[in-house]
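Just so it is clear, none of the values below were taken in a lab; they were calculated from the coordinates. What you see is a predicted model, and the numbers here were worked out from it, not measured in a lab. Virtual Cβ from ideal backbone geometry, glycine too; neighbours counted across all protein chains shown.
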Amino acid sequence: MKKPVKVTPLGARAFLRRAHLVDSRAPDVGAVLAHHGYIQIDPINICGRMHDHILRNRVEGYREGGLMRHLHGEDGAARTPAEKRAAFEHHLPSTDILVAFPLDAWPHLHASMQSRTKRASGWLGRLTPREKEFAGRIMEAFARPGALGPEAFADDRKGRRVWGSATLAKATLQKLFFHGRLLIAGRQSNRRLYDLPERVLPASVLSGARSAPADIERWLALTRLRQHRLVALKRAELSVVSDLVQPVEIEGCPVLYCLTSDLGWFEGPEDEVRSGPLLLAPLDPMIYDRRVTRALWGFDYAWEAYTPAAKRKRGYYALPVLSGMEFVGHVDLKADRERGRLAVVSRKVRRGHATDPAVRGLARFLGLGRG
């Protein structure tokens, strides 16, 4: 194994700012997808959606809804021909995390799709006898051109209660998507429209060979490195990417790894002048790994949208604040679209760090005034 590169904590933080493109933004969404491997998608819209928060700090001139336009066309309503698609929505293997992938991810997802068809899970696992019968009706409907949502199937029956109530049509469509028999072809007001894979992905992508298990393991480890850039690898992960990674030794941290091709991001001053405070996404890939974030940045943060209200410490949608080389707190925000205002619900920021410019910037991004 290579000898570790010794880096100061400040140098590692500067590396992450550069490697996560917040100091030199990419020209478009496709460049960020190619760089990071995927962008996590989340439907909650309290002060903007997760994927838009991630991308607005990485893409020059990014506009709200830009990821969905990149995926599904200018209006997002499934009108982009398959041959012109550059990315698609699906779940990270062995997880329920929905992400936007570049097209080259497709060959690596088949094994996970197949394994879900055999799992006992009310949300993503094998079809129940009732769902199997209904799936036949659904697939017959997709023999005709045109993307469809659950409302296209007139049926009052309820599906199994998973993440809230759902109709049988919605639950069955969701499983068919998890299994790869349907894909998300577009969205209308964030509601999914499904279609057959051959109408969503280019024929050249669908006709490619499926990845072997060893190739999938290597791809998964590389994808994690591309997503977070500085990673604590498990032994099994290290064994499949050892030729592509560099161990990094940082005081106070476990041994971390970066891609050898990323070493250039360590070059440059550690304390160069940075832009003003940034509001990051709650699940921004820079801070996604809480253990690394605690050790390297001294910042203990968790997203609390799914935490019971009585147990929240920060707020429903508190955004971490990155100021220069430090995380200095969080701001919980809520957009009032009807009144056209962005309100600060609560704020906890270290003294001496002003966040009003960042809040006003987010308000402008959302087309709102500062409330």
Go through the range 259-325 and name the chymotrypsin sites (Phe, Trp or Tyr not before Pro) that are in a DSSP coil and have 15 or fewer other Cβ atoms within 10 Å of their Cβ. TYR306
Using alpha carbons only, how many degrees (0 to 90, rounded to 10) separate the axis of helix 129-141 from the longest principal axis of the chain? 80 degrees
Where is the GNM fluctuation largest for the chain (alpha-carbon springs, 10 angstrom cutoff): LEU21, LEU206, LEU322? LEU206
In degrees from 0 to 90, rounded to the nearest 10, what is the angle of the helix 168-178 Cα long axis to the longest principal axis of the chain? 60 degrees
For the range 225-275 versus the range 68-136, the gap between their alpha-carbon centres in whole angstrom: 30 Å
Quotient of Cα Rg and 2.2 N^0.38 Å for the chain, N being how many residues it contains: 1.04
Give me the dipole magnitude in Debye, nearest 20, for the chain about the Cα centre, with unit charges on the beta carbon: positive for Lys and Arg, negative for Asp and Glu. 1140 debye
Taking the Cα centre of the range 1-104 as origin, sum charge times position over the Cβ atoms of Lys and Arg (+1) and Asp and Glu (-1), and report the length of that vector in debye to the nearest 20. 680 debye
May I ask you to list the aspartates and glutamates whose Cα is less than 20 Å away from that of LYS234, ignoring any residue fewer than eight positions away on the same chain? ASP215, GLU217, ASP243, GLU249, GLU251, ASP262, ASP289
Among all the aspartates and glutamates, which ones have a C-alpha under 18 Å from LYS334's C-alpha, if same-chain residues fewer than 8 places away are not counted? ASP42, ASP52, GLU64, GLU304, ASP356
Backbone N within the range 201-231 under 17 Å of label point (7 Å from SER239 Cα along the Cβ vector): 213-222
In Å, descending, principal axis extents of the Cα set of the range 1-96: 50, 30, 26
Cβ charges +1 (Lys, Arg) and -1 (Asp, Glu), total dipole of the range 213-316, debye: 700 debye
For LYS175, go through the lysines and keep the ones whose alpha-carbon is under 23 Å away, minus same-chain ones fewer than eight residues off. LYS118, LYS132, LYS158
The helix 356-365 Cα axis meets the longest alpha-carbon principal axis of the chain at an angle in degrees, between 0 and 90 and rounded to 10, of 30 degrees
